[in-house]
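Just so you know, all these numbers are worked out from the coordinates, no wet-lab data involved. No experiment lies behind these values; they were computed from the predicted model shown. Reconstructed Cβ throughout: ideal geometry from the backbone, glycine too, with neighbour counts over all protein chains shown.
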Amino acid sequence: MFHDIPQSVLDQMKALEEIDARDRQDGTPHLKRLRQIPPETGKFLAVLAANVPKGAWLEIGTSAGYSALWITLAAKLCGIKLVTFELLPEKAELAKKTFKKAKIDELVELVHGDARGHVGDYGEVAFCFLDAEIEMYEEFYDLIAPRLVPGGLLAADNVVSHADDLGKTITKAEEDPSVDSVIVPIGRGVLICRKL
């Protein structure tokens, strides 16, 4: 999976990494930044996704499409399509361009809109990456966790960097008898929930 990444995907990863680094250095306002995961989190997500059972693959919070580039490496391996949701029109447009330049249109479906209005369309979720506004995490947990197939995974980013803000969601996952959960200190911290 990582030994034969297409050059078109590598080029887009590098371009987005450069934009993200520049935005952080320049002090670009929080909502205008790409706010994407680091490469090590991308690799981690791809390895996780490559090992889930059958079911839908979702991403909540596309930004410019960086994490989707990593996840689609696993999607290609497994013969599945990632459905990714982005609320902000300017970021959805960036993601659309990213996917076209990376030549992965057949592996990803970009939905521009509020994922809360669409997640209910998926009854059997095998993999979900949650990287949206942190105040929405608990609501998304309540929407996704019941839809996970046995062995399915929910991965939520930023749980170490925003531990104080996400305490209720983390506690909910830890106390949920339908999942096993663990926080992995990679990147900004990823909460992994596996459906029993």
Kindly put ILE5, ILE144, ILE80, ILE60 in sequence by how many other C-beta atoms sit within 10 Å of each C-beta, fewest to most.
ILE5, ILE80, ILE144, ILE60
Once normalised by the length of the chain, the mean sequence separation of its alpha carbon contacts under 8 Å that are 6 or more apart gives a contact order in percent of 19 percent
Taking neighbour counts of Cβ atoms within 10 Å as a proxy for exposure, in what order, fewest first, do ARG22, ARG35, ARG116 appear?
ARG22, ARG116, ARG35
Where N is the number of residues in the chain, Cα Rg divided by 2.2 N^0.38 Å
0.95
Going by Cα centres, region 154-185 and region 67-90 are how many Å apart?
22 Å
The chain - share of DSSP beta bridges that are antiparallel (%, nearest 5):
35 percent
Order by neighbour count: HIS162, HIS3, fewest other Cβ atoms within 10 Å first, most last.
HIS3, HIS162
Helix-derived mean residue ellipticity, 222 nm - over the chain, DSSP H n ≥ 4, -39500 (n - 2.57), to 500:
-12000 deg cm²/dmol
